[in-house]
Amino acid sequence: MSDGRTSAKAPVTARTRVGRPLLSLALASMMDEVHAHAGAVYLLADDASVLEMAVMAGLPRAFAAPWERVGLSAPIPVAEAVRERRLVWVGGEEDMARRYPRIAVVLPYPFAVAAVPVATESTEYGAVFLTWPGSHPPELSDRERDHLTAACDRLALRLERAVEESVPLHAEPDLLAAPTVGGVAGTLGTVEAARMVARLPYGLCSLDLHGRIGFANAAAAELMGVAVSELLGSQLWAAVPWLNDPAYEDRYRAALLSQHTTSFVAMRPPGDWLSFRLYPSTTGLSVRISRARAVAEMSRAGPQPGDAPSRLVTISQVLSLAGALTEAASVQDVVQLVADEIAPAVGSQALVLLGSRTGRLHVLGHRGYPDPHVVERFDGLPLTEQTPGTHALTSGVPAFFDSREQLERLYPAPHPTPDGFASWAYLPLIASGRPVGTCVLAYAEPHPFPADERAVLTSLGSLIAQALERAVLYDAKHQLAHGLQEALLPHSLPLLPGIEAAARYLPATQGMEIGGDFYDLVPMRGPAAAVIGDVQGHNVTAAGLMGQIRTAVRAYTTVGQPPAEVMRSTNRLLIDLGSDLFASCLYLRLDPDRERAVMARAGHPPPLLRRPDGRVRVLDLAGGPLLGIADSATYPTTEVDLAPGSVLVLYTDGLIESPGVDIEDALAALGRRLAEAGDLPLDELADELVRHSVATRERIDDVALLLLRARVTG
């Protein structure tokens, strides 16, 4: 097959013509080349923000139902392959759980996946994914990688030609392996095979890739209590009522996707336990049915009778999107995830997320509306107004409008919003029995909402409501915590005679983004004082305790206690408060007139000193344990020379600690940066030290930095 490129040996007329089965043929060829057992081709939608499945092969499309339409920013392999224009390989079940937990929740089976972008140098067209059984080696071989990359490059060139020739690209019928017919022994062999199967004491039946029964022997019918004629052509879990449970269908999915033998036990009422063993291939499954030997063991393995049956595909979709919503922390995270994950999955082109507060609706976020003024009409709408959004929220009943005519018939102008869309779903967001808002999904074309889709959207509305309720609470706590921290840290540093000062504070990028790091300068008539410390934890409790420690240090300094006594008094106070948290601390008494500083340390990282000649050293200070551990702890002091032009660098461990980085190496790197940049103005030096710290790129801890420079006089 030509790759679509011309050469001196091949005339242009010899190029492969673009035809309707282009995607199917390319996918089948790729699967054959690398011995994959399933795969699919995705194409970018017209707006280049959504990937749509165009054809699937080797497995029923129901297996990929949660991902038939995915946002380009979705954390799944095909979207990542397009975004980063590279092959993405997932080597097995553990790798999937670690990197793509949302997929692992829905498909917790041993299989490997490769996703490859379909793109030319200038244009992305989509992506291909292929799957292998769990027995595939954990790494993709060079031969497989080269075959896949070359095949996708050829497909991209053919798609480019299709665009040039104005050939429309449509979804194509999925490719499922055809059932095997006949046999090498001819008719006589087939008859004898049937007789042999009929004589076996256990049940046998054959399922196609959709789970439909193509053959069942008399023993299988007898064991399951259903006539052979009623079994043929039906799915196993649909033909046998007591097998209509998602747990059993899950075993069928696991066998097909992993290509591993799987089994389960089920109870045939009133109390007969049967064992089912599934042997998969790329054309279907063979099922062996027998009586279970150990009823007690089977009872533990099988589902309980009376469990309500439900459809696994719907459950898969909800599980996948629920996993996405659990990652949302703030309200804007919820808006982003609904836009990136849920709207593409249900085919919506625009959405508005409305929150309910003080009897009115407020716009929390929106996507897909070209005119923002349309969305503004939702904002501040009283819940007493008769509009689709308010009625859905106050009644708790979702509203679906297949067309604009249907909407305007129930809600005459001016209430319907002329937003340019053709159909809508209004989902009430009810969490803990309390209305929290409304989600409006808009569709560009008239969109019928069948019963199963309405059920899915209603379930998603409940999940969005729970995520939104958590996010509103998180935002409120976040705002409160930041306000608390800003109130506890100094808004500006006081001017000290003979000393320049600069400080920086960066919260951790994980959690509530607040913590217990603190710093302060205390001006006095005599030598001034400086302090820096770190209370264990990254929450409101740590921030509150930090404020108490900072206030205590100020008070003990103001009454004239020497450094060692300031530390002892603060330690006793922390113990008296009964807190379970500890704190590190470094306290300095600065005396620039005598060119010295006296320091006391409580389990805190050692400061750095840059001398006027540019040399940097780590100050090896005597010290005591962390504050809050031992009531009788003492804190010896160390006197350090502080010549004019010297720079003291006080910091918390968040500046130098980072996973996988040795603390000594990080401290040495900080010293080198200080030596190279120490002559900068102090504010610029503070920015330089923070900017180039490895630990601050993705901070797992708070960072506090306090720089002190002895002024040069004369």
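Label-point separation (nm) for R357 and R409, each offset 7 Å from Cα along Cα-to-Cβ?
Each label point is offset 7 Å from its Cα along the Cβ direction, giving 3.8 nm.
Can you work out the accessible area per residue across region 581-714, with the rest of the protein chains kept in place, probe 1.4 Å, in square angstrom?
Values: 5920 Å² over 134 residues.
For region 581-714, the solvent-accessible area averages 44 Å² per residue.
What does the charge count near V163 come to, summing +1 for each Lys or Arg and -1 for each Asp or Glu among other residues with Cβ under 14 Å from its Cβ?
Values: positive: R158, R161; negative: D46, E124, E160, E164, E165.
Its environment carries a net charge of -3.
So, in nm, how far is label R377 from label E139 when the simple model puts each one 7 Å beyond its Cα toward the Cβ?
Each label point lies 7 Å from its Cα, and together they span 6.0 nm.
Can you give the extra length, in nm with one decimal, that the chain gains between A675 and D95 once fully stretched, where that is 0.36 nm per residue apart less the Cα-Cα distance?
On the way: separation 580, 0.36 × 580 = 208.80 nm, distance 4.35 nm.
Extra length available between A675 and D95 comes to 204.4 nm.
Sort L682, L204 by accessible area with a 1.4 Å probe, largest first. Please list the in-between numbers first.
Numbers: L682 10, L204 45 Å².
Descending order: L204, L682.
Grab the other residues whose beta carbon is less than 13 angstrom from that of L493, score K and R as +1, D and E as -1, and report the net. Don't skip to the end; give the middle numbers.
Numbers: positive: R504, R709; negative: E500, D520, D683.
Overall, the nearby charge balance is -1.
Compute, for region 371-437, the length of the dipole vector about the Cα centre, with Cβ point charges of +1 (Lys, Arg) and -1 (Asp, Glu) only. Units Debye, rounded to 20. Spell out each step's value before the answer.
Working: 4 positive and 8 negative charges, 53 e Å.
Value, rounded to 20: 260 debye.
Using the Karplus equation 6.51 cos²θ - 1.76 cosθ + 1.60 (θ = phi - 60°), what ³J(HN,Hα) coupling, rounded to whole Hz, does each residue of region 437-442 give in order, writing x for Gly and Pro?
Going residue by residue, I get x, 9, 10, 10, 10, 10 Hz, with x marking Gly and Pro.
In square nanometres, what is the average projected area of the Cα convex hull of region 503-621? Can you show the working numbers first?
Numbers: hull surface 33.5 nm².
The Cα convex hull of region 503-621, projected and averaged over all directions, gives 8.4 nm².
Sticking with the crude label model, points 7 Å out along Cα→Cβ, report the distance from D641 to S290 in nm, one decimal please.
So the label points at D641 and S290 sit 8.8 nm apart.
Hey, can you grab everything whose amide H is under 5 Å from the amide H of V50? Only 5+ residues off in sequence or another chain; H modelled, so Pro and N-termini drop out.
Placed amide hydrogens put A45, L72 under 5 Å from V50.
Using R₀ = 30 Å, calculate the FRET efficiency as 1/(1 + (r/R₀)^6) where r is the Cβ-Cβ separation of R277 and A451; round to 0.05.
Working: r = 36 Å, r/R0 = 1.19.
It comes to 0.25.
Where does the charge balance sit around Q336 when Lys and Arg score +1, Asp and Glu -1, over other residues with C-beta under 12 Å from its C-beta? It would help to have the intermediate numbers written out before the result.
Values: positive: R367; negative: E327, D333, D340, E341.
For residues surrounding Q336, the net value is -3.
Would you mind estimating how fast region 591-714 diffuses translationally, via Stokes-Einstein at 25 °C and 0.890 mPa s with the Kirkwood radius over Cα pairs, in µm²/s?
Working: Rh = 15.4 Å.
Here the translational diffusion coefficient equals 159 µm²/s.
What's the FRET efficiency of H170 with L473 using the Cβ-Cβ distance as r and R₀ = 45 Å, to the nearest 0.05? Before the final figure, lay out each step's value.
On the way: r = 46 Å, r/R0 = 1.03.
The calculated FRET efficiency here is 0.45.
Under a 5 Å amide H to amide H cut-off, with H placed in plane at 1.01 Å, what residues pair with D701 once short-range neighbours are removed?
T509
Work out, step by step, the length gained on full extension between R711 and D46: first 0.36 nm times the residue separation, then minus their alpha carbon distance; give nm to one decimal. Numbers along the way, then the final one.
Details: separation 665, 0.36 × 665 = 239.40 nm, distance 6.38 nm.
Using 0.36 nm per residue and subtracting the Cα-Cα distance, I get 233.0 nm.
Could you give the length gained on full extension between R554 and E121, defined as 0.36 nm per residue of separation minus the Cα-Cα distance, in nm? Intermediate values should be presented prior to the final figure.
On the way: separation 433, 0.36 × 433 = 155.88 nm, distance 6.34 nm.
Gain in length upon complete extension: 149.5 nm.
Take the Cβ-Cβ distance between T394 and E565 as r, set R0 to 56 Å, and report the resulting FRET efficiency rounded to the nearest 0.05. The partial results should precede the final answer.
Working: r = 65 Å, r/R0 = 1.15.
For R0 = 56 Å, the calculated efficiency reads 0.30.
Non-local amide H neighbours of T652 (under 5 Å, H modeled in plane, Pro and chain starts lacking H): which ones?
Under 5 Å from the amide H of T652 lie the amide H atoms of A704, each far enough along the sequence or on another chain.
The values are calculated or read from the model by the stated rules, or taken from the named source; none is laboratory data. Since the model is a prediction, treat every value here as computed from it, not as a measurement. Here the Cβ is made from the backbone with ideal geometry for all residues, glycine too, and neighbour counts use every protein chain on show. Heads up: the accessible areas ignore ligands, DNA and RNA and are worked out on the full protein's heavy atoms, side chains in. Shrake-Rupley method; radii C 1.70, N 1.55, O 1.52, S 1.80 Å.
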